[in-house]
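The values are calculated or read from the model by the stated rules, or taken from the named source; none is laboratory data. Keep in mind the model is a prediction, meaning the values are calculated, not measured. Cβ coordinates were reconstructed from backbone atoms using ideal geometry, including for glycine residues, and neighbour counts include every protein chain displayed.
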Amino acid sequence: MHGYSSTDFTDYTVYASKSKLVTPDTDPGYMIENEEEMPVMDGAEACYPLYAAFAKAVYKNIDVIEREYIQSGQDSGANGKIVTFTNTVVGFERLVNCDADLFFGARPSKSQQEYAKNAGVELVITPIGKEAFVFFVEDDNPVDSLTSEQLRAIYHGDVTNWKDMGGKDEEIVAFQRPENSGSQTMMQYFMGETSLMDPKKYYVADMAGVLDVVAQYANEAGALGYSFRYFVEELQQEKGVKLISVDGVAPTLENIENGTYPLTVDLVLITRKNNKNARVEQMIEFILSESGQEIIRKTGYAALGN
C-alpha cells in the first residue's frame, strides 16, 4: 500500500498479517466500539505508522473494518475508510473539508492556514511528540556538520561549492521539496527572512525520491537534502546517505529528547474546532496519556515531557 507515497506501507496497515505497528505495554483504558464514532485519520507520510498504531490500539475491530472496506473495492483513493492515507497536502485539505477528523504531521504552512481561514475553519493544533528536521548528504561526503548560517547560505544560493564548506571541490546539489509538504514548510520556517533559491532541477516530488537521488549521486556529485529524522532512519533506512550535525549537534533521539538539537520540532495533531464528534477530544486525551506517549516513543519519535 503506497497511497500518494513512494513508500510501501503494506506492513504498517491495521490489517497487515505481519504488522510492524507497535502496541503499548500499558493498558489504554479506552476503546471506541462503534464504527460510526471513530474519528477519521489522515496525515503526513512519515506519520502513518504512528496514527495507524493509535487506531489499532483503541478502535475496536479496526483491522476487520479496513480489510473488508479495501476488499469491497469501494475505496475512493484515500486508501482506507477510517484510517486513511494520502499525504500532507491532500490530508490537510480533507481535514478542512470535513472528510477527516484527525490530521497528523508538522505545523501547517502559511498557505494551508489561509486555506482553512478561507473555508471558515478554525484549527486546533496539539503538540503530541517531538521530531527533528534533518539535512543529509551522500555518505562519502567529508562534511559532517554545518551551521544554520551555512545551510541558509547554501539554500539562498550564496554558496554553491562544497569546498567553501570544508568539503570537496564539487557543486552542491541542493534539493528541495514540493510547496506545502511538511518538509518544505519546515524549511521555509528555518530560512526565516532569507529567501529560498529557485529549486530549478533540484526539486524532488517525494521524500523517498530525495533519498534515492542523494544515494545515487555518491562519488559523483555533492547532493544535499532535507527531511524528518524518522522518515530517513526508521522508514527508508537508506544506506547511501548520512545525517549531518547542525550547529555541532547530531540529530540523535537523545538530543531531540533533551532539546539540544537546534532543529527539534513539534509533531502535531490538527483538528477542527467544534467538531461535533466527541470522540475527537477523547482521542487527543488518549494520545497525550501514558499509553499514547508510549506508542509515540516505541514507533521511533520522541515523546513529550522528555
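Taken over the range 273-306, the criterion of being under 12 Å from Pro24 (Cβ atoms) and surrounded by fewer than 17 Cβ atoms within 10 Å (Cβ to Cβ) is satisfied by Ser289, Glu290, Lys298. Number of residues in the range 41-61 that are in contact (Cβ under 8 Å) with a residue 60 or more places away in the chain, part of a helix (DSSP H, G or I), closer than 17 Å to Ser183 by Cα and not hydrophobic (A, V, I, L, M, F, W, C) equals 1.
Scanning the range 146-163 for residues that are buried (at least 18 other Cβ atoms within 10 Å of the Cβ) and of a type in the set (D, E, K, R) returns a single hit, Arg152.
Asp99 fulfils the conditions (1) surrounded by 23 or more Cβ atoms within 10 Å (Cβ to Cβ); (2) over 30 Å from Ile154 (Cα atoms) except for a single criterion, (1). In the range 24-36, the residues that are more than 18 Å from Val280 (Cβ to Cβ) form Cβ pairs under 8 Å with partners that are at pLDDT 95 or above and among the acidic types (Asp, Glu), at six or more places apart or across chains, as follows: Pro24/Glu294; Asp25/Glu294; Thr26/Glu290; Thr26/Glu294. Filtering Tyr15, Tyr30 for residues that are assigned to a loop (DSSP other than H, G, I, E, B), surrounded by 19 or more Cβ atoms within 10 Å (Cβ to Cβ) and over 19 Å from the mean Cα position of the chain (by Cα) leaves a single hit, Tyr15. Among the residues making up the range 257-267, a single one is surrounded by fewer than 22 Cβ atoms within 10 Å (Cβ to Cβ) and among the aliphatic types (A, V, I, L, M): Val265.
Considering the range 151-189, and only residues there that are touching a strand residue (DSSP E or B) at 6+ places or on another chain (Cβ under 6 Å) and assigned to a loop (DSSP other than H, G, I, E, B), the residue that is farthest from Glu45 (Cα to Cα) turns out to be Glu170.
Quick grid of which residues meet (1) more than 22 Å from Gly240 (Cβ to Cβ); (2) touching a residue at least 24 places away in the same chain (Cβ under 8 Å); (3) small (Gly, Ala, Ser):
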site: Lys117; (1), (2), (3): yes, no, no
site: Glu149; (1), (2), (3): yes, no, no
site: His156; (1), (2), (3): yes, yes, no
site: Trp162; (1), (2), (3): no, yes, no
site: Gly166; (1), (2), (3): no, yes, yes
site: Asp169; (1), (2), (3): no, no, no
site: Gln184; (1), (2), (3): yes, yes, no
site: Gln188; (1), (2), (3): yes, yes, no
site: Met191; (1), (2), (3): yes, yes, no
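The set of residues in the range 241-256 that are in contact with a Pro (Cβ under 8 Å, 6 or more places away or on another chain) and buried (at least 18 other Cβ atoms within 10 Å of the Cβ) comprises Leu243, Ser245, Val246. Among the residues of the range 232-239, is any modelled with pLDDT under 90, under 20 Å from the mean Cα position of the chain (by Cα), on the phi > 0 side of the Ramachandran plot and surrounded by fewer than 19 Cβ atoms within 10 Å (Cβ to Cβ)? Yes, the range 232-239 contains a residue that is modelled with pLDDT under 90, under 20 Å from the mean Cα position of the chain (by Cα), on the phi > 0 side of the Ramachandran plot and surrounded by fewer than 19 Cβ atoms within 10 Å (Cβ to Cβ).
One residue stands out in the range 106-131 among those that are among the small types (Gly, Ala, Ser) and more than 23 Å from Lys276 (Cβ to Cβ): the one that is nearest to the chain's Cα centre (by Cα), namely Ala106.
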